[in-house]
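Take a look at the structure below.
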Amino acid sequence: MSKTGIFYGSSNGTTEGIAKKIAAKLGVEQKDIHDVASAKVNDLDEYEVLLLGSSTWGIGDLQDDWESFIKVLSSANLSGKKVALFGCGDSSSYPDSFCDAVGKIYQVVKGVSTVIGFTSTEGYSFDASEAVVDHRFVGLILDEENERNLSEKRIEGWIAELKTEI
Ligand SMILES: Cc1cc2nc3c(=O)[nH]c(=O)nc-3n(C[C@H](O)[C@H](O)[C@H](O)COP(=O)(O)O)c2cc1C
């Protein structure tokens, strides 16, 4: 597997927990899991594959720490890297901005890296999401508030797909 780093932003620990779960399943070591609250551009440079995760806050906003890290990400040289995105949201309370943060990160990385790990929107219930492009989610989308029971299967499916690409 190519050298893989996981970068997450998480306010209440949900996305952090998912980042650790993904790491365990992919065999990514603890030192390669970065909280974007303290990560630097040099940290991004180290990896061939980046897994980037954010929850969504406000109405469709990036998680707080991502508000600054998105500028770091924009300044990084991502050419030649593969990028996979993941995020947590709440499709019941925020059906019009479901996991928008993942879509916002996608807008920064698309074109300058190879984005992998798109997923089907089938089985989700929401009205609008910036994380949907061409009828697919641009990454792994989880709703730990309402559909926690579906997360394991969703993560497993995504990881299986990623493993063929990294
Ligand atoms: C004030 C507030 C605003 C939120 N806004 C959104 C939103 O616009 N879209 C969404 O999908 N989820 C939204 N959520 C749900 C969170 O993204 C969800 O609880 C997530 O699991 C939190 O993950 P974290 O602990 O990693 O930050 C919001 C939650 C709160 C409390």
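A compact table of results
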{"quantity": "Meets criteria (on the phi > 0 side of the Ramachandran plot and either assigned to a loop (DSSP other than H, G, I, E, B) or within 16 Å of the ligand (Cβ to nearest atom) (or both)) for Gly123", "calculated": "yes"}
{"quantity": "The listed residue being in contact with a Phe, Trp or Tyr (Cβ under 7 Å, 6 or more places away or on another chain) and not acidic (Asp, Glu), out of Gly89, Gly58, Gly157", "calculated": "Gly89"}
{"quantity": "Cβ-Cβ under 8 Å pairs, at least 6 apart or on other chains, segment 11-37 side over 18 Å from Ile155 (Cα atoms), far side assigned to a helix (DSSP H, G or I) and near the ligand (Cβ under 9 Å from one of its atoms)", "calculated": "Ser11/Asp64; Asp35/Glu16"}
{"quantity": "Scope segment 73-102; condition closer than 19 Å to Asp35 by Cα, within 16 Å of the ligand (Cβ to nearest atom) and assigned to a helix (DSSP H, G or I); matching residues", "calculated": "Ala101, Val102"}
{"quantity": "Asp45 being surrounded by fewer than 22 Cβ atoms within 10 Å (Cβ to Cβ) and either under 22 Å from Asp134 (Cβ atoms) or in contact (Cβ under 8 Å) with a residue 12 or more places away in the chain (or both)", "calculated": "yes"}
{"quantity": "Subset of segment 28-43 [closer than 18 Å to Met1 by Cβ and either charged (D, E, K, R) or not in a loop (DSSP other than H, G, I, E, B) (or both)]", "calculated": "Glu29, Gln30, Lys31, Asp32, Ile33, His34"}
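For every residue, the table says whether it meets (1) hydroxyl-bearing (Ser, Thr, Tyr); (2) out of contact with any Gly (no Cβ under 8 Å at 6 or more places or on another chain).
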| site | (1), (2) |
| --- | --- |
| Ile70 | no, yes |
| Leu85 | no, no |
| Tyr94 | yes, no |
| Ala101 | no, no |
| Thr121 | yes, yes |
| Ser125 | yes, yes |
| Ser129 | yes, no |
| Val133 | no, no |
| Gly139 | no, no |
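None of the figures in this text is laboratory data; all of them are computed from the coordinates on show. Every value quoted in this text rests on a predicted model; they were computed, and no experiment measured them. In this analysis, Cβ positions are derived from the backbone assuming ideal geometry, glycine residues included, and neighbour counts consider all displayed protein chains.
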